[in-house]
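Worksheet: the structure to be examined is printed underneath.
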Amino acid sequence: MQLAIFDLDNTLIGGDSDHAWGEFLVERECVDGERFRSENDRFYRDYQQGALDIFAYLSFALEPLAQLSRGQLQNLQHEFMQEVIGDIWLPHAETLIQRHRAAGHHIMIITATNRFVVEPIVARLGVDTLLATEPEEVDGKFTGQVAGQPCFQEGKVLRLQQWLDAYPQYAKGQKWFYSDSINDLPLLKQVEFPVAVDPDSRLREEALTRGWKVISLRGDYEDFASAMDW
């Protein structure tokens, strides 16, 4: 049983849904605009540099989930999908997923972004399994805290291993992992087929040094075709 694993942000979609969600909340005046935007940008820079304090970030990013009602959140989630995610959709990503599916591979997205933000994106992609950072819920309400291990850096390796322990039929099969970010280096080093997708500069250098495939899902068909060569 083979497993095709994908990062989400800046890999299967042409932007970062977590940062974009924060911007969206500012635009909708659901948060303190000046403070929230400044912190959202600061944390995103830390992420890009591979220096993010994930627990400090989640304390910040999950706070609006606790402050807004379920009804408000659902309406915002629907608008976010239509107005923001639609603009950064990558058709080549869908094609690549379908190629893996046609080969009989189990399709997984593993992302540091919290489940509330990414679940409708993943549903639209038709993915089999989602491993995401889990926002804590008590009595059906978000608390603003994280539940369990964040799905970030080495946490992705841990969360994947926990999943493989539950589904051992995939443990010995070949695994692909597609990512854009140096933050995903721990998991990229664990799989048989690591692929750098429109990578940041540090991951591009690492991939070229290690002889990993480097592809783009954002260019024309010729740029994309190499992604299908496996």
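The values are calculated or read from the model by the stated rules, or taken from the named source; none is laboratory data. The structure displayed is predicted, hence computed values, not measured ones. Please note: Cβ atoms are built from the backbone with ideal geometry, for glycine as well, and neighbour counts cover all protein chains shown. In case anyone asks, the SASA skips ligands and DNA or RNA and just uses the protein heavy atoms, side chains included. Shrake-Rupley method; radii C 1.70, N 1.55, O 1.52, S 1.80 Å.
One equal scatterer on each Cα of the stretch 119-158, no solvent, Debye formula: the resulting log10 I(q)/I(0) at q = 0.22 Å⁻¹ is -0.84. Does the stretch 1-68 classify as rounded, prolate or oblate by the C-alpha gyration tensor (a ≥ b ≥ c root eigenvalues; a/c under 1.5 gives rounded; else a/b over b/c gives prolate, otherwise oblate)? Cα axes put the stretch 1-68 in the prolate bin.
A viscosity of 1.306 mPa s and a temperature of 10 °C, combined with the Kirkwood radius over Cα pairs in Stokes-Einstein, give a translational diffusion coefficient for the chain of 88 µm²/s. Per residue, the accessible area of the chain comes to 46 Å², computed with a 1.4 Å probe over protein heavy atoms only. For residue 1, neighbours were defined as the other residues whose beta-carbon sits under 15 Å from its Cβ, and their charges (Lys and Arg +1, Asp and Glu -1) total 0.
Residue 213: which lysines have alpha carbons under 20 Å from its alpha carbon, excluding same-chain residues fewer than 8 sequence positions away? Correct list for residue 213: 175, 189. The modelled label-to-label distance between residue 218 and residue 95, using points 7 Å beyond Cα along the C-beta direction, is 1.7 nm.
A Förster radius of 22 Å combined with the Cβ-Cβ distance from residue 41 to residue 136 puts the calculated FRET efficiency at roughly 0.30. Which percent of the accessible heavy-atom area of the chain goes to carbon and sulfur, probe 1.4 angstrom? Here carbon and sulfur together make up 46 percent of the probe-accessible area.
Mean-square fluctuations from a GNM of the chain, with a 10 angstrom spring cutoff on Cα atoms, peak among 17, 201, 181 at 201. Close amide-amide hydrogen proximity is noted between residue 113 and 133, each under 5 Å apart and 5 or more residues distant or on a separate chain (H modeled in the peptide plane; Pro and chain starts excluded). Counting Lys and Arg as +1 and Asp and Glu as -1 over every other residue whose Cβ lies under 11 Å from the Cβ of residue 200, the net charge comes to -3. Gain on full extension, evaluated as 0.36 nm per residue between residue 129 and residue 2 minus their Cα-Cα distance, stands at 44.4 nm. For the residues 163, 176, 21, a GNM of the chain with alpha-carbon springs under 10 Å puts the largest fluctuation on 163.
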